Amino acid sequence: MPYKRLLFQIYLTFLVITFISLSTITWFAQNLARDFYLKETSRNLQDSAVLLNDQVLAALSDGQTDLLNTHIIRCDSLTKMRFTVILTNGKVVADSRENPNRMDNHAGRPEVKDAVAGRAGSSKRFSYTVEENLMYVAVPVKQDDKIIAVTRASISINAIEAALSSIINKFIITTIILILIIALIGWLVSRRISAPYEEIFNAIERVAHGDLNFRLNPTKSRVMKNLNEALNKMIVQIDEKIKTINQQSREQQAVLRSMAEGVIAVDSNKNIITMNTAAYKLLGLDMDQVEGRKIKEIVKYKELRKIITHAIKTNELIEDEIIIPPDDRYVQLHGTMLKNENGETIGALVVLNDVTRLRRLEVVRRDFVANVSHEIRTPLTSIKGFIETLLDGAIEEPDTAKRFLKIMIKQSNRLNSIIEDLLTLASIEESEKRQAVQFSKAKINKVIDSALSVCQPRAQNKNIALTVKGDDKIELMMNATLVEQALVNLIDNAVKYSAENTTVEIESVIEKDECVLNVKDQGIGVAKEQLPRIFERFYRVDKARSRTLGGTGLGLAIVKHIAKVHNGRVTVESTVGKGSIFRLILPKIKKAD
Ligand code: ADP
């Protein structure tokens, strides 16, 4: 925890400084005290010795050394000092702790020597007399300016040391108490100093863990206030930046998700960076998370992997196409190098386009051209054959020639019908594409009547009754010519594919906002498996029959397109041998009042 480290660093520094300074002060103080105490003791010894001088002088003058001895023993008991009186020749005449007669000559003692020389002398040493370390001070005893003896006072150094250590102990105890108090105060102060940093450390840690929903509390300290404000600003900015990045990423994801094209981005190691929903669908993938996985683990199509390998290496647009089972979808692939803002290669991008519709349309178009050619070639070949036969001499036989010419007329009419139907289909398609079909409000029964008048002669030829029923007031927005054309085709087919003496019923009804025009016959019907195909161009159930009946195979395709331009549809129900019902359904009807 950085905060704890900081607290201890501050506190430790504080403690070390306190300890060093207090110890130094204590050490100096105890030295000073020691010097002072020793000096004081020495002065005391000297003063005490000087005080005795008068008695010493008097006792020596009277020769009463015994009395002197008694006196100094009393003084010793009062002051705890040892007193000795020594003659200048070194002979001890009195001593408060020893019999002077048993004592050796003291002339050689340094303090005695100094006192004999006329000045106060002092010394510290072991006394063999009392067997302990003593501090001595000796002063001269003068009679008429003549030194006649020396008074010496001494004290046990052990006593001095004991007194001194008591003083030093007091110093040390005081210092320890002080250190403890200061350590406590130091702890509180260190905490106070480091507490704001704690908040900052915690804040930074929260930011590092991605939590940006908090702000630092205001503080009284000016420095910390500025720091807190700066940090708060930083958090707000990071928060905003992250929100912007998230927003951009969401938008990017939304764009990628909504794209009809599949997009796959991989890095230089061919790990997937992004793959959008369209790409998943196009490749038929059924997994959740592919980001970060190798492309070869996910995609089995070699062409796609090859494009990625190429795109990473070369700076060209690479194209290919794959067919994806099970419904054989054609997917076009475009691969390019993926670069960063510095222009360095960071991977590859592949865009997938579903071109199935396009490819199927191409096939339809190809088939259509082939069908048209085939349909036109048949009557043309037939006409050409008859012309050649006529030229080869058949023209000379009027009956044969007449028969041939009739057939030729029939084939020409067929050719004409095909071309007319093709043109109609092309024109409807074109108008549909350009949305140029004109719509106007028209009554449906009028359109039915017109269609009937066109189909009537053919129906009469087969003695087929055309009946009309249903709602005759229906009125709707439509292109009446096209709807009439569709009805003609449906009624014409009903007549064509019905036996003589049957009925074809045309009915107009409204079903759920739609106008339904039913053309019902009692004809040959269409087998169930053929039904979905009869609306294709040139598709006929029975080619020969259709041709004989003058069919082009385009009638229902035209109906389908007419329904489409009206946003409607055409459906069929049929039973072989029983009849069919074709339904032209036109939406958005409007009933006449
Ligand atoms: P065609 O010119 O051959 O009639 P259509 O496109 O109008 O071409 O019809 C396609 C095929 O659908 C016809 O060849 C025929 O086999 C079948 N068909 C259409 N209408 C009927 C119907 N009313 N009864 C039975 N078969 C039909």
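The values are calculated or read from the model by the stated rules, or taken from the named source; none is laboratory data. Quick caveat: nothing in here was measured; it's all calculated off a predicted structure. FYI the Cβ positions are ideal-geometry reconstructions off the backbone, even for glycines, and counts take in every protein chain you see.
The residue of region 101-116 that is surrounded by the fewest Cβ atoms within 10 Å (Cβ to Cβ), among those that are modelled with pLDDT of 90 or more and assigned to a helix (DSSP H, G or I), is P110. Of the residues in region 235-255, none is in contact (Cβ under 8 Å) with a residue 24 or more places away in the chain and more than 18 Å from the chain's Cα centre (by Cα). Here V559 meets each of (1) crowded, with 17+ Cβ neighbours inside 10 Å; (2) near the ligand (Cβ under 8 Å from one of its atoms); (3) modelled with pLDDT under 95; (4) under 59 Å from the mean Cα position of the chain (by Cα) with one exception, condition (3).
Only one of the numbered conditions (1) over 30 Å from S373 (Cβ atoms); (2) surrounded by fewer than 16 Cβ atoms within 10 Å (Cβ to Cβ); (3) in contact (Cβ under 8 Å) with a residue 60 or more places away in the chain is violated by V468, and that is (3).
In region 484-495, the residue that is farthest from D521 (Cα to Cα) out of those that are more than 8 Å from the ligand (Cβ to nearest atom) and of a type outside the set (S, T, N, Q) is E484. Annotation: E420 fulfils all but one of (1) farther than 18 Å from S574 by Cα; (2) within 13 Å of the ligand (Cβ to nearest atom); (3) not in a helix (DSSP H, G or I); the unmet one is (3). Screening the candidates A203, A278, A260, A265 for the property of being over 30 Å from V351 (Cα atoms) and of a type outside the set (D, E) yields one hit, A203. In the set (1) among the β-branched types (V, I, T); (2) under 30 Å from T79 (Cβ atoms); (3) surrounded by fewer than 12 Cβ atoms within 10 Å (Cβ to Cβ), the condition left unmet by T65 is number (3). Among the candidates N276, N315, the residue that is at pLDDT below 90 and either closer than 26 Å to G343 by Cβ or outside the structural domain of L333 (by TED's automatic domain parsing) (or both) is uniquely N315.
Run S190 past the list (1) in a helix (DSSP H, G or I); (2) out of contact with any Phe, Trp or Tyr (no Cβ under 6 Å at 6 or more places or on another chain); (3) modelled with pLDDT of 85 or more and report the number of the one that doesn't hold. S190 satisfies every listed condition except (2).
Here the condition is being outside any helix (DSSP H, G or I) and in contact (Cβ under 8 Å) with a residue 12 or more places away in the chain; of V350, V372, it holds for V350 alone. Could you tell me how many of the residues in region 514-535 are within 60 Å of the chain's Cα centre (by Cα), more than 8 Å from the ligand (Cβ to nearest atom) and either in a helix (DSSP H, G or I) or of a type in the set (A, V, I, L, M) (or both)? Count: 5. Restricting to region 565-577, name every residue that is more than 15 Å from the ligand (Cβ to nearest atom) and either touching a residue at least 24 places away in the same chain (Cβ under 8 Å) or within 13 Å of V516 (Cβ to Cβ) (or both). Selection gives V565, H566, G568, R569.
Residues satisfying the criterion are absent from region 56-75 (criterion: at pLDDT below 90 and touching a Phe, Trp or Tyr at 6+ places or on another chain (Cβ under 8 Å)). Taking strands (runs of 3 or more DSSP E) as the structural unit, those lying wholly within region 440-502 and holding at least 2 residues that are within 17 Å of L584 (Cβ to Cβ) and not hydrophobic (A, V, I, L, M, F, W, C) correspond to 465-470. Scanning region 214-244 for residues that are farther than 30 Å from T13 by Cα, touching a Lys or Arg at 6+ places or on another chain (Cβ under 9 Å) and not aromatic (F, W, Y) yields N232, I235, V236.
For region 134-145, filtering for residues that are surrounded by fewer than 18 Cβ atoms within 10 Å (Cβ to Cβ) and either at pLDDT 90 or above or in contact with an Asp or Glu (Cβ under 9 Å, 6 or more places away or on another chain) (or both) leaves 1.
Does at least one position in region 81-93 carry a residue that is in contact with a strand residue (DSSP E or B) (Cβ under 8 Å, 6 or more places away or on another chain) and among the aromatic types (F, W, Y)? Yes, because at least one residue in region 81-93 is in contact with a strand residue (DSSP E or B) (Cβ under 8 Å, 6 or more places away or on another chain) and among the aromatic types (F, W, Y). Inspection of region 274-282 identifies at least one residue that is out of contact with any Gly (no Cβ under 9 Å at 6 or more places or on another chain) and either without any contact (Cβ under 8 Å) to a residue 40 or more places away in the chain or assigned to a helix (DSSP H, G or I) (or both).
Please specify each residue of region 536-548 satisfying the condition of being part of a loop (DSSP other than H, G, I, E, B) and more than 7 Å from the ligand (Cβ to nearest atom). Listed by number, the residues that qualify are E536, R537, F538.
Got a sec? Which of R97, R125, R119 is more than 18 Å from N53 (Cβ to Cβ), out of contact with any His (no Cβ under 8 Å at 6 or more places or on another chain), in the same structural domain as I72 (by TED's automatic domain parsing) and without any contact (Cβ under 8 Å) to a residue 24 or more places away in the chain? Only one candidate passes the filter, namely R125. Against the conditions (1) farther than 20 Å from R547 by Cα; (2) touching a residue at least 40 places away in the same chain (Cβ under 8 Å), S417 satisfies every one except (1).
For region 496-513, the criterion of being farther than 18 Å from V468 by Cβ and near the ligand (Cβ under 8 Å from one of its atoms) is met by at least one residue.
Residue by residue, here is whether (1) over 25 Å from E161 (Cα atoms); (2) under 60 Å from the mean Cα position of the chain (by Cα); (3) outside any helix (DSSP H, G or I) holds:
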{"residue": "L7", "(1), (2), (3)": "yes, yes, no"}
{"residue": "I17", "(1), (2), (3)": "yes, yes, no"}
{"residue": "L22", "(1), (2), (3)": "no, yes, no"}
{"residue": "W27", "(1), (2), (3)": "no, no, no"}
{"residue": "Y37", "(1), (2), (3)": "no, no, no"}
{"residue": "N44", "(1), (2), (3)": "no, no, no"}
{"residue": "D54", "(1), (2), (3)": "yes, no, no"}
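Within region 282-303, the set of residues being in contact with a strand residue (DSSP E or B) (Cβ under 6 Å, 6 or more places away or on another chain) and of a type in the set (A, V, I, L, M) comprises L282, V290, I295.
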